[in-house]
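The values are calculated or read from the model by the stated rules, or taken from the named source; none is laboratory data. Because the structure is predicted, anything quoted here is derived from the model rather than measured. A quick note on method: Cβ atoms are made from the backbone with ideal geometry, for glycine too, and the neighbour counts reach across all protein chains shown.
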Amino acid sequence: MSQWLEQVIDNAKDVSDFLTPTRQASLAELKAQGWPGKRTENWRFTPLTSVSQRDAVKVANAGEAEVPVIENLDVFDIVFVDGQLITSIADIDLPEGLTLSTLDDVSGDDEQAVKALFGHIKPQRHTFGLINDALATQGVFIDVAANANIQPTIRICNLTTQAVDVHSRVLVRIGEGASVTVMEHGEGNADSLTTAFAEYSIADNGYLEHYRFALFTDKAKQVGGSHFRLGDHARLNSTVVGYGSELSRLDVDIIHAGEFADAKMNAIYLLAENELFDLHTNIEHAVPNCTSEENARGIIGDGARAVFNGRIHIHRDAQKTLAEMNNKNLLLSRRALINTKPELEIYADDVKCAHGATVAEIDDTALYYLLSRGISRSKALVILNFGFIQELVNEIPKAAIGTWLLPKLSTRFSQMEVK
């Protein structure tokens, strides 16, 4: 067991609230699983040395951080800085049909709803999810009433400024026939460790437009996940954008629990020199007549390492399933590395499924063409990189988010250029 994990388990003894039974069960499972090593399949390409040798540092006072502004987007923000809530929930003018509560301030029916969600959609195999179960006392519960159509985007910002450990949780319950947009936004470059997990329950005929921007860089370490359960005719449209850092790991689970559910996920990951990003996705088709589409594209800089493991599991009763997964990667140098593993596990016989992965380098002919037209090498690389991911950016449902994202990606590409 690692030094850090021993301290985490010791710190968990001080956490006591209405979620204590779930926290204790997760802690027991964590002790049984132990620390992931090179022989742990889900972690064999992602070393955890930078975590295991650090101290578990609790936050004392939140630092100051600037909240990213997305122009022309109808949004209200729930902001955590260094794990502490700095937004006054009571001051938010909520639309009809929407209820917000913090994990340390829920009561009555909301408390029961939180108990029903917390740790019950996220699979127990996620080691850091169990750690988050035990230590996440800060977070938010979002409840969307049946048939409510929530227009403003709800953005949960998780910003870090100090070398501390941060554990936050997002719980979302979407009622029958309801629709909402939720964005999980994380940023920071300090020597921090962030575990940020979210669980979403989408009831029958519900719709969730979801974004996860995991934009931690440099020495920041992030390990988190977004986990979804879909009812009958429920729909999910998810966009994930991740940067590399000393350690960046994101797990996504999509569970089709109701018939005729539909899920779409687009993911973009961008790694600068010597960074690491690991994306593990798992789509469970447990019932018949459901569809899923997953597209993941990565650009890996000089000396950087990316991991993609995408799994689609078609259960025995999940007849008439349509499922497709594709992973494309662009390496910016011979020192860049991608370990990609798309998987199909099929136990039904009346399905249509496809998966694939490609790995390529910058096209020298295309680069030479741009350079011969007087375009600088830096700008030429930005043009070629944009071309590789432009299709997924164009599919972002909200134009304001796509417009905001483009200059951020351009800045990121300049950091990734091979010198």
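Quick notes
- Considered as a group, the residues in segment 39-57 that are within 23 Å of the chain's Cα centre (by Cα) and among the charged types (D, E, K, R) include one that is modelled with the highest pLDDT, and that residue is Arg44.
- Residue in segment 398-407 that is modelled with pLDDT of 95 or more, under 28 Å from Leu208 (Cβ atoms) and over 25 Å from the mean Cα position of the chain (by Cα) present: no
- The set of residues in segment 287-308 being β-branched (Val, Ile, Thr), closer than 19 Å to Pro123 by Cβ and in a strand (DSSP E or B) consists of Val307 alone.
- Among the residues of segment 32-48, those identified as over 16 Å from Phe277 (Cα atoms) and either surrounded by 12 or more Cβ atoms within 10 Å (Cβ to Cβ) or in contact (Cβ under 8 Å) with a residue 12 or more places away in the chain (or both) are Gln33, Gly34, Trp35, Pro36, Gly37, Thr40.
- Residue in segment 69-84 that is of a type outside the set (A, V, I, L, M), under 28 Å from Leu247 (Cβ atoms) and touching a helix residue (DSSP H, G or I) at 6+ places or on another chain (Cβ under 6 Å) present: no
- Cβ-Cβ under 8 Å pairs, at least 6 apart or on other chains, segment 215-237 side free of Cβ contacts under 8 Å to residues at least 24 places away in the same chain, far side hydrophobic (A, V, I, L, M, F, W, C) and in a loop (DSSP other than H, G, I, E, B): none
- Restricted to segment 132-185, and to residues there that are surrounded by fewer than 24 Cβ atoms within 10 Å (Cβ to Cβ) and of a type in the set (Lys, Arg), the residue that is nearest to Trp404 (Cα to Cα) is Arg155.
- Looking across segment 291-308, the residues that are surrounded by 18 or more Cβ atoms within 10 Å (Cβ to Cβ), without any contact (Cβ under 8 Å) to a residue 60 or more places away in the chain and not acidic (Asp, Glu) come down to Thr291, Ser292, Ala296, Gly298, Ile300, Phe308.
- Tallying residues that are over 13 Å from the mean Cα position of the chain (by Cα), over 16 Å from Ser168 (Cα atoms) and either surrounded by fewer than 23 Cβ atoms within 10 Å (Cβ to Cβ) or of a type in the set (Lys, Arg) (or both) within segment 207-226 yields 5.
- Restricting segment 90-110 to residues that are closer than 22 Å to Ala196 by Cβ and modelled with pLDDT of 90 or more, the residue that is surrounded by the most Cβ atoms within 10 Å (Cβ to Cβ) is Leu103.
- Out of Ala267, Ala272, sole residue that is under 19 Å from Pro47 (Cα atoms) and in contact with a helix residue (DSSP H, G or I) (Cβ under 9 Å, 6 or more places away or on another chain): Ala272
- Counting only strands (runs of 3 or more DSSP E) wholly contained in segment 106-211, the ones carrying 2 or more residues that are of a type in the set (Asp, Glu) occupy 179-188.
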